[in-house]
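Visitor: Sharing a structure here in structure tokens format.
No value in this document is a laboratory result; all are computed from the given coordinates. Keep in mind the model is a prediction, meaning the values are calculated, not measured. Positions of Cβ are backbone-derived with ideal geometry, glycine not excepted, and every protein chain shown enters the neighbour counts.
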Amino acid sequence: MMRKLHQLTGIVPLGAFFFVHMFTNSKSMSGDKVFNDAVADIHHIPYLLFVEIFGIFLPLLFHSVYGIIISAEARPNALNYGYGRNWFYVFQRVTGVFLFFFLIFHILNFRFGAIPGLNTTAIAGNADLAFGIVAAEFQITWVFVLYVLGVTATAWHLAYGFFLFAVDWGILIGERAQKMALYACVGLAFFLSAVGINAMVAFNKKCGLLPSVLCEEAEKKGVVEPNGSRRF
Ligand code: HEM
């Protein structure tokens, strides 16, 4: 029962949150105004504090603590067999433990502005400063590298989590189906990592790793105001 709840919380709400979060972050590709407006929209969600507590923080706490309990109980046998899926499973625990610490750092860093020596302005309540704060943090090499690790670890943890969930809940039964699903999950992990890293790069280079013309093209379609300026 607790185990099922653990798997479920990993997918909804946490997995769903990650997709939405990467979508919002990717708005950095269109520059500071678009991104800050997206952050302001989030801040205007009704009952935001309750959504955060019951939709993010409590599920995260439960998922992390119970995940550590499971890790302590199960014995990995990757060293004995060297079988691919065992290594995946070991990696699932390693990324899980890393993410626990990364997320504490990340939430204190951006939401609260409370990591000494780094950003000291909370983004909560300061949506208009969000882009500038994140851009300045990502100019610090070790911070950038840490976030690349955070994004890729989350992408792998979630993608393989989907696979484990589908096998455990009896959705993926045949060996061939499991194999194909595993490939699909590896593909998803690469895709989510690429999207997350591109969003990060875009805080200091418009459109990120993509040619900037792709983002400019979209902006040309912005609404032209009566005075001739463009609204996006
Ligand atoms: C591309 C790199 C990332 C960027 C630019 C980024 C940006 C942000 C920002 C600006 C906030 C503060 C929002 C606010 O206070 O209004 C935030 C909060 C948060 N981020 Fe990220 N993030 C990134 C990666 C991640 C990853 C990999 C995870 C893992 C799931 C994650 C999980 C969270 C959580 C749980 C919060 C707290 C949400 C809340 O306070 O309601 N972030 N992020």
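Visitor: Each residue of region 29-41 in order: what ³J(HN,Hα) in whole Hz does its phi give by Karplus 6.51 cos²θ - 1.76 cosθ + 1.60, θ = phi - 60°, with x for Gly and Pro?
Guide: For region 29-41, the Karplus-derived couplings read 4, 9, x, 5, 5, 4, 5, 4, 5, 5, 5, 4, 4 Hz, x marking Gly and Pro.
Visitor: In a GNM of the chain with a 10 Å cut-off on Cα contacts, which of V94, V213, V134 has the highest mean-square fluctuation?
Guide: V213
Visitor: Another question about this same structure. Using the scaling law 2.2 N^0.38 Å as the reference, what is the normalised Cα Rg of the chain?
Guide: Ratio of Rg to 2.2 N^0.38 Å for the chain: 1.13.
Visitor: Determine the dipole magnitude for the chain: charges of +1 sit on the beta-carbon of Lys and Arg, -1 on that of Asp and Glu, nothing else is charged, the reference point is the Cα centre, and the result goes in debye to the nearest 20.
Guide: About 480 debye.
Visitor: Could you grab the relative contact order for the chain? Cα pairs under 8 Å, six or more apart, rounded to a whole percent.
Guide: 26 percent.
Visitor: Taking Cβ-Cβ under 4.7 Å as the only way to count a partner, pick out the unpartnered cysteines of the chain.
Guide: By the Cβ distance rule, which asks for a partner under 4.7 Å, the isolated cysteines are C185.
Visitor: Next up: I need D32, D168 ordered by Cβ neighbour count within 10 Å, fewest first.
Guide: D168, D32
Visitor: A further question follows. Under 18 Å between C-alpha atoms is the cut-off here; go through the chain and count lysine pairs that meet it, provided they're at least eight residues apart or on different chains.
Guide: Final tally of qualifying lysine pairs is 10.
Visitor: What is the fewest-to-most order of V151, V195 by other Cβ atoms lying within 10 Å of their Cβ?
Guide: V195, V151
Visitor: Taking the Cα-to-Cβ direction at N204 and at N126 and moving 7 Å from each Cα, how far apart do the two end points lie in nm?
Guide: 2.0 nm
Visitor: Now a separate question. Taking the Cβ of each residue in W169, W142, W87, W156 as the centre, tally the other Cβ atoms inside 10 Å and list the residues starting with the fewest.
Guide: Fewest to most other Cβ atoms nearby, the residues stand as W142, W169, W87, W156.
Visitor: For F17 and E52 in the same chain, what is the full-extension length gain: residue separation times 0.36 nm, less their Cα-Cα distance, in nm?
Guide: Answer, rounded to one decimal: 11.6 nm.
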